[in-house]
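A short write-up of the structure that comes next.
Coordinate-derived values only; no laboratory data. Keep in mind it's a predicted model, so treat the numbers as computed, not measured. Neighbour counts run over all protein chains shown; Cβ positions are idealised from the backbone, glycine included.
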Amino acid sequence: MAGRVPQTNDYGALLTVMREAYSRRHFEETLAAFEQLAAIGRIPRNMRIEATCLAARALIASKNRPAARALLKPLLGEDYTKPIHYDFLAHAFLDLRNYREAARLCERADALIEAQKRG
């Protein structure tokens with residue numbers, strides 16, 4: 001429940017709460033931690049992407065697909081330098097059953113991995 005989310009301004013601690021709550025299928029707690037994280041202000045990009053995708057996946061599991069799509073939409077307009085960012089997004093789009101977008105995101109992740117291998 002939302003009462004278990006610690007009151008903190010520590011990005012890392014809130015992201016950890018989100019991960020743990022999501023893995024326990026405590027979606028309200030996941031969303032409460034996300035709201036607190038978002039209220040802090042400017043979140044580092046890598047944490048913002050993961051947190052937003054976790055929140056979207058919690059919304060999807062809670063049968064609120066329109067809110068999940070609204071959360072994810074701004075993230076699609078960005079280019080990322082790390083494959084893991086595309087991985088987070090692809091998982092969220094798989095949960096939405098938007099396979100075309102999930103495949104595109106996986107291809108982007110794969111291209112980054114290949115580019116890293118080449119040097």
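Structure above, values below:
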item: Angle in degrees between helix 27-40 and the longest Cα principal axis of the chain, rounded to the nearest 10; result: 80
item: Segment 66-119 shape via C-alpha gyration tensor axes, a/c threshold 1.5; result: prolate
item: Cβ crowding within 10 Å averaged over residues, with 48-57, 70-79, 15-24, 94-103 ranked highest first; result: 48-57, 15-24, 94-103, 70-79
item: For q = 0.12 Å⁻¹, Debye-computed log10 I/I(0) when each Cα of the chain counts as one equal scatterer; result: -0.43
item: Where labels lie 7 Å past Cα in the beta-carbon direction, separation of residue 73 and residue 23 in nm; result: 3.3
item: Cα-based helix-to-principal-axis angle, 99-118 vs the chain, degrees rounded to 10; result: 60
